[in-house]
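Right, one structure below, let's go through it.
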Amino acid sequence: MRPPETDASKTPDAAPEAGERLAGALRVRRFTPAERWVHRTTAILMGVCVLTAGCLYLPQLAELVGRRELVVRVHEWSGLLLPVPVLAGLASRAFRADLRLLNRFGPHDRVWLRSALRRDARPESRPAGKFNAGQKTYAAWIAGAVLVMVATGLLMWFTHLAPLVWRTSATFVHDWLALTIGLVLAGHIGMALARPESRRGLRTGSVSREWAEREHPLWRP
Amino acid sequence: MLGMLGLGALGVATAPTLQRGLESFLGSAADKDPTGLTGLLPNGGGFRYYSVTSSVPHKDEDSYRLKIDGLVDHPGTYTLADLRALPQTRMVRDVQCVTGWRVPDTPFEGVRLSRLLDAAGVRPSAGAVRFTCFDGAYSESLTLDQARRADVLVALRMQDKDINHAHGGPVRLYVAPMYFYKSAKWLSGITVTSDVRPGYWEERGYDVDAWVGRSNGRDDETT
C-alpha cells in the first residue's frame, strides 16, 4: 500500500490562537475559501444549467415557461461558464493540490471500489485518503461529461460550425448525456444530503477529527 | 475524464447508427409501456415544444382567422372552415430542426400556399411574403418564388390529426424543404411585400434562406 496522502495546502506558519488550538484537536481544516467558492459557483452554474435544460426539454415545463430565446441564452451561457470556476481555481495552490489528489488512483482505491460494489460499508474495507475512490471517480466523470456537453452544445449553438449530420449526432449525445448527468447529480446531491459532516466541510472548511479519521483514515491533514 | 471525452467523441461519431437502433427499440417499448415513462427519455423521433413568448392564446373553430393582405388585389380573411373547404394536399417528409433534432416521415396536410396567393391576386410589384403569428411575436418570410413552391403548405393537420395548440394549431405554416423554424406556428397573417424581411430567429442569426443542408452550415444532402 502506498504511503498516506499528505495535504500540500497545509500552512504550518501562522500560530493558531488559543481558541483555535483547543478546537484544533476536534476540528481539522479540509477546504480553503477558494476551494469552497469553486464548488459553490460551479454548483450554482450547474443548477441554472439543469433548470433551464428542463424548461427547454420537458414539454410540460417548456409550455409553462415559453420565452425560448431568453431560456436558451441563459442555458448556453451558464453551460459555457461551467468550467470557468475550476479554471480560475487553478490559481489556488490548495485547489491544485486537491486536483492532484483527485486525479491519482492508488491500490487502496481499488479496495474501496471493490467494497463499494459489494456494498461493504465497514470502515476497515473502505480505505481512503483525503478523497475516496468514489469521489475521485465522480470528479473525473463529471469533468469529462461537462466538457462533452460544452462541445456538443457549441455545435448546436453555432449552426455554421459543422454539417447537419454532426448537429443531429451532437443533439443525440447531448440529450442522453444530459439525462445521465441528471441521474449522477441526483446521486451526488443525495449522498451529500445523507452526510452532514461532508457538507459542513464544504460549508465551513473544516470537519471533525473523528469524522476525518473514520471516513478518510489515510488522510494526514 | 479523458475516457469521458473519448466516449463523447465516439458517441457523436456513432450517433446515426445508435440513434436508429434506439429509436426502433424505444418505439416498440413505448407501445407496451403503460407508465408513459418512455416519453421522458430523449428520443430523436419526437417533437420539442418551442415558443418564443411566455404564453400563447388559444384559437378554435370560432375565434381563428387567417388574414391575407399587402400587395394583393383582394385582401381577405379565412376562417378554419374556409380553409378546410379548399383542396387539401398531403405530404410525408422528415421534419428537421436547425439544431439537429429530426422527426422522420411526418405527414402534413393542408392548403397549398400558392393557392391562397393566387386567390388573393398578387400584384406585379410583389417579391416576398411575410408571415405573422397570433403568439404576438413570431414572424417568418419567404421570397415569392419560394412561397409558390408546391411543398409549402398552410397546414391544418399533422401526423394525420388536427394540429393541436402545442404544435402551433389550429393552423401553421409548413415549409417542407427548409429547417423547421421557417414553419411558423400559430399562423395568423400572410402579408405580400416587395422585399424579404427577416423573421424572428433570422434577426437572431439564422439564415433567411433556410434550405435543409444547404444553409446554417456546410452543404449536405437535402431532404
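The values are calculated or read from the model by the stated rules, or taken from the named source; none is laboratory data. Note that the structure is a prediction, hence the values are computed from the model and not measured. With ideal geometry, Cβ positions are generated from the backbone for all residues, glycine too; neighbour counts draw on all protein chains shown. SASA here: full protein model, heavy atoms, side chains in, ligands and nucleic acids out. Shrake-Rupley method; radii C 1.70, N 1.55, O 1.52, S 1.80 Å.
Please label the shape of region A:35-91 as rounded, prolate or oblate, based on the square roots a ≥ b ≥ c of the eigenvalues of the alpha-carbon gyration tensor (a/c under 1.5 means rounded; beyond that, a/b larger than b/c means prolate, else oblate).
Cα axes put region A:35-91 in the prolate bin.
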(request) Identify, among B:134, B:173, B:150, the residue whose Cα sits farthest towards the positive end of the charge dipole of region B:133-223, taking +1 on the Cβ of Lys and Arg and -1 on the Cβ of Asp and Glu, with the dipole about the Cα centre. (result) B:134
(request) Among A:32, A:170, A:123, pick out the residue whose Cα is farthest towards the positive end of the charge dipole of chain A, where Lys and Arg carry +1 and Asp and Glu carry -1 on C-beta, about the Cα centre. (result) A:123
(request) Using only alpha carbon pairs under 8 Å that are at least six residues apart, calculate the relative contact order of region A:23-106 and give it in whole percent. (result) 38 percent
(request) With an 8 Å cut-off on Cα pairs and a minimum separation of 6 or more residues, tell me the relative contact order of region A:26-220 in percent. (result) 31 percent
(message) Counting only protein heavy atoms and a 1.4 Å probe, tell me what percentage of region B:93-147's accessible area is made up of carbon and sulfur.
(response) 42 percent
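Between residue A:110 and residue A:73, 0.36 nm times their residue separation minus their Cα-Cα distance comes to what?
9.1 nm
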(request) Pairs of Cα atoms under 8 Å, at least six residues apart: use those to get the relative contact order of region B:66-204, whole percent. (result) 30 percent
(message) Counting protein heavy atoms only and a 1.4 angstrom probe, how many square angstrom of accessible surface do chains B and A bury in total, to the nearest 100?
(response) 3500 Å²
(request) Would you mind putting B:185-196, B:63-74 in packing order, based on average other-beta-carbon counts within 10 Å, highest first? (result) B:185-196, B:63-74
(request) Note the angle between two axes, namely the Cα long axis of helix A:68-81 and the longest principal axis of the Cα atoms of chain A, as a number of degrees from 0 to 90, rounded to the nearest 10. (result) 40 degrees
(request) Measure nothing fancy, just the Cα-based angle from helix A:33-57's long axis to the longest principal axis of chain A, in degrees from 0 to 90, nearest 10. (result) 30 degrees
(message) Take residue A:44 and residue B:90, extend 7 Å from each Cα along the Cα→Cβ direction, and tell me the distance between the two endpoints in nm.
(response) 5.6 nm
(request) Quick one: pull the percentage of alpha-carbon pairs in region A:26-220 with a separation above 26 Å. (result) 41 percent
(request) Determine the order of B:60, B:105 by accessible area, beginning with the largest, at a probe radius of 1.4 Å. (result) B:105, B:60
(message) Can you compute the charge dipole magnitude of region B:66-204 about its Cα centre, using +1 on each Lys and Arg Cβ and -1 on each Asp and Glu Cβ, nothing else charged? Give it in debye, rounded to the nearest 20.
(response) 120 debye
(message) Using only Cα atoms and rounding to the nearest 10 degrees, what angle (0 to 90) does helix A:164-193 make with the longest principal axis of chain A?
(response) 30 degrees
(request) Would you mind pulling out the separation of the Cα centroids of region A:31-51 and region A:106-149, in Å? (result) 21 Å
(message) For residue A:176, what accessible surface area do you get with a 1.4 Å probe? Give it in Å², rounded to 10.
(response) 70 Å²
(message) Over chain A, with the other protein chains present, what is the accessible area per residue in square angstrom, probe 1.4 angstrom?
(response) 56 Å²
(request) Among B:78, B:64, B:98, flag the residue with its Cα farthest along the positive direction of the charge dipole of region B:61-139, charges on Cβ as +1 for Lys/Arg and -1 for Asp/Glu. (result) B:98
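Mind ranking B:14, B:77 by accessible surface for me, highest first, 1.4 Å probe?
Values: B:14 50, B:77 80 Å².
Highest to lowest solvent-accessible surface, that is B:77, B:14.
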